[in-house]
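Heads up: the structure comes next, in structure tokens.
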Amino acid sequence: MTNTTSQDRQHGEEQTFEPSAEFAAQANATAALYDEAAADRLGFWAEQARELISWDTDFTDTLDWSDPPFARWFVGGKLNVAYNCVDRHVEAGHGDRVAIHFEGEPGDTRTITYADLQREVSRAANALAALGVVQGDRVAIYLPMIPEAVISMLACARLGAAHSVVFGGFSSDALRSRILDVQAKVVITADGGYRRGKPSALKPAVDEALAGGDTPVEKVLVVERTGEDVAFDAERDLHWAEALAAQPDTHEYESFDSENPLFVLYTSGTTGKPKGILHTSGGYITQNAFAMRTVFDIKPETDVFWCTADVGWVTGHSYVAYGPLAAGATQVMYEGTPDTPHRGRWWEIVAKHGVTILYAAPTAIRTAMKWGDEIPAEHDLSSLRLLGSVGEPINPEAWMWYRRVIGGDRCPIVDTWWQTETGAHMIAPLPGVIATKPGSSQRALPGISVAVVDDTGEPVERNVAGYLVITEPWPAMLRGIYGDPERFKDTYWSRFENMYFAGDGARYDDDGDIWFLGRVDDVMNVSGHRLSTAEIESALVSHEAVAEAAVVGAQDETSGQAVVAFVILRGGEEQTEGTVEELRAHVGREIGPIAKPKRVHIVEELPKTRSGKIMRRLLKDVADNRLVGDATTLADSSVMDVISASVAGEK
Ligand code: WT7
């Protein structure tokens, strides 16, 4: 880590935007929340839990931290998360309120009220129960962005079974390894979904993942979405619509312990094997309901909320499936890509439904910016009142564009920093309370304690880069890595004593606001999605033509980072015209299209230290078109000259 240069500070860092008097006057959040939480952090969270969540049995202790890093929140409390997201709103008289405005990519739409959702979730829970799913089981969900994804998740929650959603863009191999790791009993999938104007099949990947019959999966529920022909195993597969139609639309829920597992979501780490991040019930739903109220300023009677993330990522878990529904809000769910059938699709949807709160990733904002101001200008975006950003640092230019062109200079922007592991927002400005600052996530939310520290764990001075740590347990924190308590301790709790190591570089500015500087480990962030260099390297070396591979995240104007691979072919393998494309396709098959390297450089050697460790830092210099840094610790210092020359020769 190095000191920051003036370059980091030139982008209008001193500029801040006060909330309008109008926004501030109606904001849910108040400055007093910071003081209350600072005075009594646990008391503060206990109050949030009791105010925002319906408990069937009240908790006796707020936090049990007697065996760190294994936390238990709201000890002794019992609740049903699905009841909290659905039934209680119907009981409160809001059954007719729209829960989900669904927009299919081809233009089909569905309107699902809370009463509809209650019936659908009940039927789905009954159907899963009929298949033998009980509390403590795991169910894999591999679906497109259709309401059945949310219904499936809630049906699992209703039964106390944990779901493990696998992003529909992941390959059959990736699906299979997750099914095996989590030991899923049932898979819920669809024939396919719509992507870029065409049906894109999902069911064949499930068949492939389960071929051989060596997984614990007993049944597969198949939603009909595209109507395309798919293979059907009469013993194993069931039609979702038939299975649900056979069930009553009411279901008596049970209440489960606050620490009952809610879901396992896989995310990339620094090794080749994805980590199954485990989240439980009471703390997760409390902190997300809190984020909805304060960070998103949600007014369930009037707001139309739209989080554009896929349910395959944590953002879709917390801010499509659970947060908005726990709040009793109306939300938009969109199946497809922003440019199908035209580049104004998102803005058309905002205008159509009168979206008031929009939550998107910087990569999408930069792409829209590239497409030009005239496209959003064709649509009425005046319903918007608050904008959110998530997934990676947002550059001040994109922030300013978002504010001006999408937000009409009137909407506060909340740049929310968090992770799959944190489960809910951790660092973000409270809208209406804090003057926002382009490019900075600013400060920890009330009840959350973070610091930026140096190598020794001491807080850094202002404008000095360090590591972001979380210094106190928080309600929505991960409870572990599924089946691997040692890896949980090693990955997050061993770098600094008694602190959670997030893996992000950060610094404070002169106002004490936090700026994120990207990952400090071998994790890349491509379009707001986390990818591991090791995972892509192991996919590459699994190809018969490849001897060795090194992967780095290069700077990319649109996606933040882009995957760049350096590959040594096996002896006897000749590079042909098709080699690079074949290797890209191979990674697509092994992991999924999102992991495909943008560039593959075939090289003779890789830069290694005397102990054999690949120095990715030097390859990153090449990929970023920079002068190659200090190469003196290489076993053979001439290697970088050869690589640079060969990469330059390709251009
Ligand atoms: C990593 C977590 C949590 C939602 C989506 C990604 C980066 C996330 C921000 C932000 C700067 C951010 C971090 C973090 N990140 N949000 N607002 N500013 N960086 O979840 O896949 O678990 O990735 O995304 O590097 O560690 P994830």
Problem set entry | Meets criteria (within 19 Å of Asp96 (Cα to Cα) and either small (Gly, Ala, Ser) or in contact with a Cys (Cβ under 8 Å, 6 or more places away or on another chain) (or both)) for Pro300 | no
Problem set entry | Residue pairs meeting the criteria (Cβ under 6 Å; at least 6 apart or on separate chains; first free of Cβ contacts under 8 Å to residues at least 60 places away in the same chain, in region 338-364; second part of a helix (DSSP H, G or I) and among the basic types (Lys, Arg)) | Pro338/Arg345
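I'd like to know if region 570-588 contains one or more residues that are free of Cβ contacts under 8 Å to residues at least 12 places away in the same chain, of a type in the set (A, V, I, L, M), over 30 Å from Ala364 (Cβ atoms) and assigned to a helix (DSSP H, G or I).
Step one: filter region 570-588 for residues free of Cβ contacts under 8 Å to residues at least 12 places away in the same chain, giving 572, 574, 576-578, 581, 585.
Okay, now just the ones that are also of a type in the set (A, V, I, L, M), so 585.
Within this subset, residues satisfying the condition of being over 30 Å from Ala364 (Cβ atoms) are none.
The answer is no, given that none of the residues of region 570-588 is free of Cβ contacts under 8 Å to residues at least 12 places away in the same chain, of a type in the set (A, V, I, L, M), over 30 Å from Ala364 (Cβ atoms) and assigned to a helix (DSSP H, G or I).
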Seminar exercise, completed: So, first residue free of Cβ contacts under 8 Å to residues at least 40 places away in the same chain in region 377-390, second residue of a type in the set (D, E, K, R), Cβ within less than 7 Å, six or more apart or across chains; the pairs are His379/Glu348; Ser389/Asp415
Exercise. So which residues in region 394-410 are on the phi < 0 side of the Ramachandran plot, part of a loop (DSSP other than H, G, I, E, B) and away from the ligand (no atom under 11 Å from the Cβ)?
Worked result: Gly407, Arg410
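Can you tell me how many residues in region 307-341 are of a type in the set (A, V, I, L, M, F, W, C) and either at positive phi or within 16 Å of the ligand (Cβ to nearest atom) (or both)?
Of region 307-341, the ones of a type in the set (A, V, I, L, M, F, W, C) are 307, 309, 311, 313-314, 320-321, 325-327, 329, 332-333.
Then drop every residue that is not either at positive phi or within 16 Å of the ligand (Cβ to nearest atom) (or both), which leaves 307, 309, 311, 313-314, 320-321.
Result for region 307-341: 7.
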Exercise. What number of residues within region 635-651 satisfy the criterion of being buried (at least 17 other Cβ atoms within 10 Å of the Cβ) and more than 37 Å from the chain's Cα centre (by Cα)?
Worked result: 1
For this session: Would you mind telling me which numbered condition in (1) of a type in the set (Asp, Glu); (2) over 25 Å from Gly323 (Cβ atoms); (3) more than 16 Å from the ligand (Cβ to nearest atom); (4) surrounded by fewer than 20 Cβ atoms within 10 Å (Cβ to Cβ) Glu472 fails?
Result: (2)
For this session: Just need a number here: residues in region 411-463 that are in a loop (DSSP other than H, G, I, E, B), within 15 Å of the ligand (Cβ to nearest atom) and farther than 20 Å from Lys299 by Cα.
Result: 14
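I'm checking my understanding of the structure. Among residues of region 11-30 that are part of a loop (DSSP other than H, G, I, E, B) and exposed (fewer than 13 other Cβ atoms within 10 Å of the Cβ), which one is modelled with the highest pLDDT?
To start, the set of residues in region 11-30 that are part of a loop (DSSP other than H, G, I, E, B) comprises 11-16, 18-20, 27-30.
Restricting the remaining residues to those that are exposed (fewer than 13 other Cβ atoms within 10 Å of the Cβ) gives 14, 18.
Details: Glu14: 68, Glu18: 96.
Per the criteria, the residue is Glu18.
Between Val304, Val295, which is in contact with a His (Cβ under 6 Å, 6 or more places away or on another chain) and surrounded by fewer than 24 Cβ atoms within 10 Å (Cβ to Cβ)? Quick ask: steps written out before the conclusion?
Numbers: Val295 fails: surrounded by fewer than 24 Cβ atoms within 10 Å (Cβ to Cβ).
Exactly one of Val304, Val295 is in contact with a His (Cβ under 6 Å, 6 or more places away or on another chain) and surrounded by fewer than 24 Cβ atoms within 10 Å (Cβ to Cβ), namely Val304.
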Exercise. Hey, among the residues in region 345-370 that are more than 20 Å from Tyr319 (Cα to Cα), over 20 Å from the mean Cα position of the chain (by Cα) and surrounded by fewer than 23 Cβ atoms within 10 Å (Cβ to Cβ), which one's nearest to the ligand (Cβ to nearest atom)?
Worked result: Met369
Problem set entry | Pair list, Cβ under 8 Å, 6 or more apart: region 628-648 residue free of Cβ contacts under 8 Å to residues at least 24 places away in the same chain, other residue of a type outside the set (A, V, I, L, M, F, W, C) and assigned to a helix (DSSP H, G or I) | Val628/Asp621; Val628/Ser644; Gly629/Arg617; Gly629/Asp621
Exercise. List the pairs whose first member sits in region 256-272 and is within 14 Å of Arg479 (Cα to Cα) and in a loop (DSSP other than H, G, I, E, B), whose second member is of a type in the set (D, E, K, R) and more than 14 Å from the ligand (Cβ to nearest atom), and whose Cβ atoms are under 9 Å apart, counting only residues at least 6 apart or on separate chains?
Worked result: Ser258/Arg72; Ser258/Lys78; Glu259/Arg72; Glu259/Arg479; Asn260/Lys78
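So which residues in region 381-393 are of a type outside the set (Gly, Ala, Ser) and either closer than 16 Å to Gln419 by Cβ or more than 15 Å from the ligand (Cβ to nearest atom) (or both)?
Filtering region 381-393 for residues of a type outside the set (Gly, Ala, Ser) gives 381, 384-387, 390, 392-393.
Of everything in region 381-393, those that are of a type outside the set (Gly, Ala, Ser) and either closer than 16 Å to Gln419 by Cβ or more than 15 Å from the ligand (Cβ to nearest atom) (or both) turn out to be Leu381, Leu384, Arg385, Leu386, Val390, Glu392, Pro393.
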Exercise. Can you name every residue in region 543-569 that is among the charged types (D, E, K, R) and touching a residue at least 40 places away in the same chain (Cβ under 8 Å)?
Worked result: Glu548, Asp556, Glu557
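Within region 416-424, is there a residue that is touching a residue at least 12 places away in the same chain (Cβ under 8 Å) and farther than 30 Å from Leu278 by Cα?
No, that holds for no residue.
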Seminar exercise, completed: Leu175: passes all of (1) within 23 Å of the chain's Cα centre (by Cα); (2) among the hydrophobic types (A, V, I, L, M, F, W, C); (3) over 19 Å from Ile277 (Cβ atoms) but (3)
Problem set entry | Test set (1) part of a helix (DSSP H, G or I); (2) within 16 Å of the ligand (Cβ to nearest atom) - Leu244 fails condition number | (2)
Exercise. Can you tell me how many residues in region 505-525 are more than 10 Å from the ligand (Cβ to nearest atom), out of contact with any Leu (no Cβ under 7 Å at 6 or more places or on another chain) and outside any loop (DSSP other than H, G, I, E, B)?
Worked result: 1
Seminar exercise, completed: Out of (1) assigned to a loop (DSSP other than H, G, I, E, B); (2) under 20 Å from the mean Cα position of the chain (by Cα), the one Ala184 does not meet is (2)
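The values are calculated or read from the model by the stated rules, or taken from the named source; none is laboratory data. Only a predicted model underlies this, so the values are computations on that prediction, with no experimental measurement involved. Cβ: placed from backbone, ideal geometry, glycine included. Neighbour counts: every protein chain shown.
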